[in-house]
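**Student:** I have a structure here, written as structure tokens, and I will follow up with some questions on it.
Where a number appears in this text, it was derived from the coordinates with a stated rule and is not lab data. Please read these numbers as outputs of a predicted model, since none were measured by experiment. All Cβ positions, even for glycine, are placed from backbone atoms using ideal geometry, and neighbour counts span all protein chains on display.
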Amino acid sequence: MSEEPGQEPQVRLDAPGENETGQGTNPLPTVQPSPEGDLQLARAGRRALWLGIAALLMALLVAYLGLVMGIVALYVGIRTLRAARQSRSRAPGATLGIVLASVALVFSLMGVAFQIFFWNEVQTYNKCMTAANTITDETQCKDAFARAFERKLHLPAGSFKGSNIYF
């Protein structure tokens, strides 16, 4: 590229897979990193990290919300990493956001599967606890839930104690 005095240097965007000689050694387009682009990538990386943290917390509290937040965090993190790779810069926090989102998705899926598998038992337990007026009634509800839990999982009687239920 020839430059004349007083002109801005041109940025050449190579086609993916081609360099100046036309040979396939450049897997990504070469883009000059800009401070604005780096700042946007850093923000997006931190956004992916915060979404991953929120997804993990939601997965532990409300499985369905954790599932939604995990998908959003995973999408933002992957998109940010791709943009960083194309501009040959860094996106701090994006990788950790993807890892946290993946863990959140695993926990959320396990929580949703638990809720679906034990739907009838949990509904019966909730109705019993709503009708319970005394601590003795609550203890009976917990014991009944423990027995239903054991039957559903084909566990021996007495292997799960109702007194270990804290919800």
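**Student:** FRET efficiency for LEU153 and VAL72, Cβ-Cβ distance as r, R0 = 30 Å, nearest 0.05?
**Tutor:** In this case the efficiency is close to 0.35.
**Student:** Follow-up. Rg over Rh of the stretch 42-167, using C-alpha atoms and the Kirkwood radius, what does it come to?
**Tutor:** 1.23
**Student:** Let me ask you something else. With Cβ to Cβ distances under 14 Å as the rule, what net charge do the other residues near LEU96 carry (K, R +1; D, E -1)?
**Tutor:** +3
**Student:** When the convex hull of the C-alpha atoms of the stretch 48-117 is computed, what volume per residue in Å³ does it have? Walk me through the numbers before you get to the answer.
**Tutor:** On the way: hull volume 3.7 nm³, N = 70.
Looking at the stretch 48-117, the number lands at 53 Å³ per residue.
**Student:** Just to check I understand the Karplus step: with θ = phi - 60° and J = 6.51 cos²θ - 1.76 cosθ + 1.60, what whole-Hz values come out for the stretch 98-106, glycine and proline as x?
**Tutor:** 5, 4, 5, 5, 5, 5, 4, 5, 5
**Student:** Moving to a separate point now. Would you kindly derive the ³J(HN,Hα) couplings of the stretch 74-82 from the backbone phi angles with the Karplus curve 6.51 cos²θ - 1.76 cosθ + 1.60 (θ = phi - 60°), listing them in order in whole Hz, with x for Gly and Pro?
**Tutor:** Each residue of the stretch 74-82 in turn: 5, 4, 5, x, 5, 4, 5, 5, 5 Hz.
**Student:** Can you run phi through the Karplus equation (6.51, -1.76, 1.60; θ = phi - 60°) for the stretch 138-143 and list ³J(HN,Hα) in whole Hz, with x for Gly and Pro?
**Tutor:** Once rounded to whole Hz, the list reads 5, 5, 5, 4, 5, 5.
**Student:** If the convex hull of the alpha-carbon atoms of the stretch 100-167 is projected onto planes in all directions, what is the mean projected area in square nanometres?
**Tutor:** Seen from a random direction, the Cα hull of the stretch 100-167 projects 5.4 nm² on average.
**Student:** If you don't mind, there's one more thing I want to ask. Using a 10 Å cut-off on Cβ atoms, rank the peptides 122-128, 75-81, 49-55, 151-157 from the highest mean neighbour count down. Please report the intermediate quantities before stating the final value.
**Tutor:** Working: 122-128: 14.6, 75-81: 20.0, 49-55: 22.7, 151-157: 9.9.
In descending order of packing, they fall as 49-55, 75-81, 122-128, 151-157.
**Student:** Arrange the peptides 102-108, 56-62, 136-142 so that the one whose residues have, on average, the most other Cβ atoms within 10 Å appears first.
**Tutor:** Per-residue Cβ counts within 10 Å, averaged per peptide and sorted highest first, yield 102-108, 56-62, 136-142.
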